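The structure appears right after this line, and notes come after that.
Just so it is clear, none of the values below were taken in a lab; they were calculated from the coordinates. Since the structure is predicted, the reported quantities are computational estimates derived from the model, not experimental observations. All Cβ positions, glycine included, derive from the backbone under ideal geometry; neighbour counts span all protein chains shown.
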Amino acid sequence: MNNLQLKGNWNEVKGKLKKKYGELTDDDLAYSEGQADEFLGKLQKKLGKSKEELKSEIERL
């Protein structure tokens, strides 16, 4: 799971995640290409979900 496939506009995806999980901040959602594992790790700690669950959810947005 090295590549996180993001569909559409990242700003739109960020907005949907912030709406669903109000505790997420802009810093939590700072995604840099090539840093998918670090990004998912931060979300995993904050939301208590597995990386695979988060990856799947983000790709569905």
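Remarks
- Each Lys and Arg contributes +1 and each Asp and Glu -1, all at the Cβ; summed about the Cα centre of the chain, the dipole is approximately 260 debye.
- MRE, 222 nm, helices only [DSSP H, n ≥ 4, -39500 (n - 2.57), over the chain, to nearest 500]: -16500 deg cm²/dmol
- Model label sites at ASN11 and SER50, defined 7 Å from Cα along the beta-carbon direction, differ in position by 3.5 nm.
- Where labels lie 7 Å past Cα in the beta-carbon direction, separation of ARG60 and TYR21 in nm: 1.4 nm
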